[in-house]
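Peer 1: Shown below is the structure under consideration.
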Amino acid sequence: MYRYFIQPQFNKFTNSVFGYEMLIRKWGADRWQLPKDFASIPIAIQTDLLRKVGQELALKVESISFNLNRTQFVNDEISAALIATQHQIYPIVLTVEITEEPTDQITVADLLPKIVEYNDHGIEISLDDVATGVNTLAHIKPLLPFAAEIKVAMQNFRAEHRENEINDQLQHWIEVAQDYQLRLILEGVENQGEDEMADDYGIAIRQGYFYGKPHLFKLRNDDLSAKQLNA
């Protein structure tokens with residue numbers, strides 16, 4: 001059994017939830033857990049759940065985000081399923097986050113036609129984990145005119161012991177977002193000090209434990225057990 005956990009993307013300046021990132025979980029061993037292989041989950045299961053969540057959130061938030069690695073992003077079956085889902089959940093905008101994975105052999109040139117296809121059907125593109133791995137400005141620059149959003153993940157800098165770079169990187173990517181008229185989301189905000197830092201930089205939309213941990217989205221008329229609801 002699969003369900004989505006959702007994490008809010010909070011607009012500090014309007015004091016409202018802008019959207020949710022959808023994080024799929026599988027029930028097993030009496031708990032919700034990360035699937036061992038996301039690519040093995042049938043896209044029909046993922047998009048059926050996505051449609052149900054999106055329809056229940058209609059008129060409550062502007063956007064819901066769905067993660068794909070580059071290999072998944074260019075897959076025709078997946079794009080067709082997501083395009084159909086976007087039409088079913090309108091007026092909520094489906095935002096597809098392109099994640100950075102070292103094993104992907106998909107080039108920027110491979111991504112561009114699919115990005116155009118998604119855009120043509122009202123799906124927005126987010127470039128996740130900028131400044132991490134290969135997601136340098138030089139590498140992703142051709143994609144920026146077609147994107148709606150970039151995400152800077154402070155947790156990645158912590159994991160790589162690069163905390164001292166956060167301020168300079170934030171300033172850099174804020175300027176990129178302004179140049180390309182992109183929405184910028186700051187991820188990994190964990191405490192009040194980091195919330196105040198985002199205030200100082202004028203970053204409106206933030207995501208992180210300070211605003212809410214991922215939690216189970218209970219579907220209307222869901223038949224989950226008490227254990228599953230409270231795990």
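Derivation of every value follows stated rules applied to the coordinates shown; laboratory data play no part. The model shown is predicted, which means the values in this text are computed figures rather than measured ones. Glycine gets a Cβ as well: all are built from the backbone with ideal geometry, and neighbour counts include every protein chain shown.
Peer 1: Give me the distance in nm between label points sitting 7 Å out from Cα along the Cα-to-Cβ direction at ASN75 and GLN169, one decimal.
Peer 2: 2.8 nm
Peer 1: Once you charge only the Cβ atoms, +1 for Lys and Arg and -1 for Asp and Glu, what is the size of the charge dipole of the range 1-60 about its Cα centre, to the nearest 20 debye? Each step should come with its number before you reach the end.
Peer 2: Numbers: 9 positive and 5 negative charges, 18 e Å.
My answer is approximately 80 debye.
Peer 1: Let me ask something else. Determine, at each q value in 0.28, 0.31, 0.32 (inverse angstroms), the log₁₀ of I(q)/I(0) that the Debye formula gives when each Cα of the range 1-46 is one equal point scatterer.
Peer 2: -1.00, -1.13, -1.16
Peer 1: What FRET efficiency comes out for the pair ASP37/ILE106, r = Cβ-Cβ distance, R0 = 25 Å, nearest 0.05?
Peer 2: Details: r = 18 Å, r/R0 = 0.72.
About 0.90, to the nearest 0.05.
Peer 1: Taking 4 °C and 1.567 mPa s as the conditions, I'd like the Stokes-Einstein D for the chain in µm²/s, using the Kirkwood hydrodynamic radius from alpha carbon pairs. All intermediate terms of the calculation are to be shown ahead of the outcome.
Peer 2: Values: Rh = 18.3 Å.
The calculation lands on 71 µm²/s.
Peer 1: Just the C-alpha atoms of the range 95-135: what Rg/Rh do they give, with Rh taken as the Kirkwood radius?
Peer 2: Working: Rg = 10.8 Å, Rh = 11.0 Å.
Ratio of gyration radius to Kirkwood radius: 0.98.
Peer 1: Using a simple spin-label model with points 7 Å from Cα along the Cα→Cβ vector, what separation in nm is obtained for ASP223 and LEU59?
Peer 2: Placing both labels 7 Å beyond Cα along the Cβ direction yields 3.0 nm.
Peer 1: Now for a separate question. Cα-Cα over 24 Å: which of LYS12/LYS141; LYS12/LYS60; LYS114/LYS141; LYS26/LYS52; LYS60/LYS114? Mind showing how you got there, number by number?
Peer 2: Working: LYS12/LYS141 28 Å; LYS12/LYS60 16 Å; LYS114/LYS141 16 Å; LYS26/LYS52 17 Å; LYS60/LYS114 29 Å.
Flagged as over cut-off: LYS12/LYS141; LYS60/LYS114.
Peer 1: In addition: Among GLU117, GLU77, which comes first, then next, by fewest other beta-carbon atoms within 10 Å? Please list the in-between numbers first.
Peer 2: Values: GLU117 15, GLU77 11.
With the fewest neighbours first, GLU117, GLU77 line up as GLU77, GLU117.
Peer 1: What does the charge dipole of the chain about its Cα centre add up to, to the nearest 20 debye, if the Cβ of each Lys and Arg holds +1 and the Cβ of each Asp and Glu holds -1? Before the final figure, lay out each step's value.
Peer 2: Details: 21 positive and 34 negative charges, 200 e Å.
Here the size comes out at about 960 debye.
Peer 1: Counting only helical runs of four or more DSSP H residues, what would the 222 nm mean residue ellipticity of the chain come to if each run contributes -39,500 (n - 2.57) and the total is spread over all its residues? Kindly include the intermediate steps, with their values, before the conclusion.
Peer 2: Numbers: 9 runs with 85 residues, N = 231.
Roughly -10500 deg cm²/dmol at 222 nm, from the helical runs in the chain.
Peer 1: I'd like the projected area of the range 132-231, averaged over all directions, using the convex hull of its alpha carbons. Report it in nm² with one decimal.
Peer 2: On the way: hull surface 35.8 nm².
For the range 132-231, the mean projected area of the Cα convex hull comes to 9.0 nm².
Peer 1: A further question on this structure: Just want the ordering: THR99, THR14, from fewest to most Cβ atoms lying within 10 Å of their own Cβ.
Peer 2: Ascending number of Cβ neighbours within 10 Å: THR14, THR99.
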